[in-house]
Every structure is written in C-alpha cells, then in structure tokens.
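Quick notes on the structure that follows.
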Amino acid sequence: MGFKEDNLIQIKTFDFALRIIQFYTECKSQNEFILSKQILRSGTSIGANVEEAIAAQSKKDFISKLSIANKEARETRYWLKLYHSSNLVQIEINSYLKDIEMIINILTKIIKTSSENL
C-alpha cells in the first residue's frame, strides 16, 4: 500500500481512519448524524497530517504537521468520550479509546524527540 513497514504511526493512523469510517457508517445506521460528522473529520485527518509530516520540507515542518495530527487525535478522543458518556449510539467505544490513546502517546513521543533533536 506504499507504507514503510517500520513506520508504526503511519500504519496505526491509517488503520484507525478505516475504523472511524466504519464507526461513522454505524452511527448513520443508528440515525446519529450530528456528532458522527465531527468524528469522521477529526479521526481521518490524523493520518492525513501524518502523511503530510512524512513529506515535510524541514524538521520544523515535520513537527508542525505532527502537532496538528496530535491535536486532531485529541479532538477525536473528546468525541469518543462524548459518545461513551451520552449513549447516543449502541457501539462499543472502548477499543476506539484504547487505539486513540496509543496514537496520542506515539505522536507525543515523536514530537518530543524531534523537538529535542532540533
């Protein structure tokens, strides 16, 4: 698929985006149309920003793009927690929360390490 086999964050964010698309589809089938659009946008943009970071023109640009991905991941976590607490849909949220926490942790570590090496 064009991914570097050793690029964990690229793989994780792509797989998560696919899961978010499925989540969105399930929300729509349960007649939830408002929050699902928000989570679709933020949940799929994480990987898009990681892709932009991979093609960054400088270390600062790389850090900037990954920081945007991290913000989108945190927003996605917010929407997932809101779904979890509101019971708007009958979808198991815990696996999504576990995945987004892992993504946030990886992104934060990459950003921190990259910033230290500037």
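The values are calculated or read from the model by the stated rules, or taken from the named source; none is laboratory data. This structure is a prediction, so every number in the text was calculated from the model and none was measured. Counting neighbours? That spans all protein chains shown, and the Cβs are built from the backbone with ideal geometry, glycine included. The accessibility values were calculated without ligands, DNA or RNA, using every heavy atom of the protein model including side chains. Shrake-Rupley method; radii C 1.70, N 1.55, O 1.52, S 1.80 Å.
The table below lists the values:
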| read-out | value |
| --- | --- |
| Hits in region 1-28 (condition: over 18 Å from N105 (Cα atoms), assigned to a helix (DSSP H, G or I) and open to solvent by 20 Å² or more (accessible area, probe 1.4 Å)) | L18, R19, I21, Q22, Y24, T25, E26, K28 |
| Pair list, Cβ < 6 Å and 6+ apart or interchain, from region 74-91 residues that are outside any helix (DSSP H, G or I) to residues that are crowded, with 16+ Cβ neighbours inside 10 Å | L88/E32; V89/C27; V89/E32 |
| Which numbered condition N105 misses (of (1) surrounded by fewer than 14 Cβ atoms within 10 Å (Cβ to Cβ); (2) under 13 Å from I9 (Cβ atoms); (3) more than 16 Å from the chain's Cα centre (by Cα)) | (3) |
| Residue in region 79-92 that is surrounded by 15 or more Cβ atoms within 10 Å (Cβ to Cβ), closer than 17 Å to N7 by Cβ, modelled with pLDDT of 95 or more and not β-branched (V, I, T) present | no |
| Residue within region 54-61 that is in contact with a Ser or Thr (Cβ under 8 Å, 6 or more places away or on another chain) and open to solvent by 80 Å² or more (accessible area, probe 1.4 Å) present | yes |
| Where K60 falls short, out of the listed (1) within 19 Å of I11 (Cβ to Cβ); (2) not in a loop (DSSP other than H, G, I, E, B) | (1) |
| Filtered residue count, region 96-118, keeping only those that are in contact (Cβ under 8 Å) with a residue 12 or more places away in the chain and in a helix (DSSP H, G or I) | 15 |
| Every pair of residues 6+ apart whose Cβ atoms lie under 9 Å, when the first sits in region 1-14 and is closer than 21 Å to R74 by Cα while the second is among the acidic types (D, E) and at pLDDT 95 or above | Q10/E51; K12/D99; T13/E51; F14/E51 |
| Residue in region 29-38 that is part of a helix (DSSP H, G or I), over 14 Å from L107 (Cα atoms) and of a type in the set (D, E) present | no |
| From S42, S58, residue being within 23 Å of K112 (Cβ to Cβ), among the polar types (S, T, N, Q) and within 14 Å of the chain's Cα centre (by Cα) | S42 |
| Test result for I20, of a type in the set (V, I, T), more than 27 Å from L118 (Cβ to Cβ) and modelled with pLDDT of 95 or more | yes |
